[in-house]
Amino acid sequence: VLTDRRTRLLPLPVSARHGWDTTRLADAVRTHGARIAYLVPDFQNPTGAHMDATTRAQVARLPLTVIADETMRDLDLRTPPGSEPHLAGPGVIQIGSASKTVWSGLRVGWIRAGADLVRDLRGNPLQAQLSPPPLEQLIACELLGDGLDEVLTDRRTRLRAQRDHLAALLADTGWTHDLADGGLSLWLHLGTDTKATDLAARAARRGLALTPGPLFAADRATLAHHLRLPSTATPDVLTRAVRLLRESL
Ligand SMILES: Cc1ncc(COP(=O)(O)O)c(C=O)c1O
């Protein structure tokens, strides 16, 4: 969407180990006049990176609008879950979705922002087209109420087991990754000899659909040796998927 609008996109490197480069973010504002940052501070898709409290405060102080995507926030797989603050401040717009925590078929999301912006958005004619049907909204309200803790506990238990199963399957492949503290995927580094786009294409011919790194890059070119493996499937499906991936090498 942003590319179609000829928006100038500046990539900001993120890794599970080193987090976000705030110096580069500040430089994007100062030198390139960046006005909006889209960040996933909690278990970023695809790296699983998690922003510490100091970085959140630094980012919130920058003179730009920050869209903090909190879609993964409740998918904290640490025991006990962490207690990092929300990325919050006058310039921050928080967005979330029920599709990752509850069910991917429930396409209900939300925006938490200042009253003026919320009023403008409600008055925008696109609002009606983008809103999911009332029945789905009511179902989401029900699920996000008192029963949410139970849903989340079950979801986290499954995701933790699936993530660990996937990591074990990959242990002797020579590919590397950092075990994410939360979220839905494992961010695999294939090494410099293997191009993720080629491997994903070969895997697709065997019936295994995976998203190669460049699709997550603002320039669609970097991250050439990374592949995202979702840990959302059941252990037996993950076992089959890794077998197909290895056969696709
Ligand atoms: C960080 C993040 N935000 C938002 C979305 C989209 O969520 P939805 O399914 O509600 O469109 C995704 C989907 O992968 C995501 O990873």
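Cα atoms only: what Rg and Dmax, in Å, come out for the range 1-133?
Looking at the range 1-133, its Cα Rg and Dmax stand at 15.6, 44 Å.
Calculate what fraction, in whole %, of the accessible area of the range 61-213 sits on carbon and sulfur atoms when a 1.4 Å probe is rolled over the protein chains.
About 54 percent, which is the carbon plus sulfur part of the accessible surface.
Once the piece of chain linking I67 and T31 is laid out straight, how much longer is it, given 0.36 nm per residue of separation minus the C-alpha distance between them?
Full extension of this stretch gives 10.9 nm more.
Residues of the range 189-203 with amide nitrogen under 16 Å from the 7 Å Cα-to-Cβ point of E247?
The answer is 200-203.
Work from the charge dipole of the chain (Cβ charges, +1 for Lys and Arg, -1 for Asp and Glu, about the Cα centre) and give the residue of T222, A241, L25 farthest towards its positive end.
The one lying farthest along the dipole's positive direction is T222.
Output the Cα-based Rg and Dmax of the range 83-242 in Å, rounding Rg to one decimal and Dmax to a whole number.
19.1, 55
Can you tell me the order of 93-99, 106-112, 69-75, 46-52 when each peptide is scored by its average per-residue count of other Cβ atoms within 10 angstrom, highest first?
46-52, 69-75, 93-99, 106-112
Report the calculated FRET efficiency for R205 and T232 (r = Cβ-Cβ distance, R0 = 25 Å), to the nearest 0.05.
0.65
So how far apart, in nm, are the two label points at R24 and D172 if each is 7 Å from Cα heading toward Cβ?
Between R24 and D172, the simple spin-label model gives 3.6 nm.
The values are calculated or read from the model by the stated rules, or taken from the named source; none is laboratory data. Note that the structure is predicted; figures quoted are calculated from it, not measured. Heads up, the Cβs are rebuilt from the backbone with ideal geometry, glycines too, and the neighbour counts pull from every protein chain shown. Side chains are part of the model used for accessible areas, which takes the heavy atoms of the whole protein and leaves out ligands, DNA and RNA. Shrake-Rupley method; radii C 1.70, N 1.55, O 1.52, S 1.80 Å.
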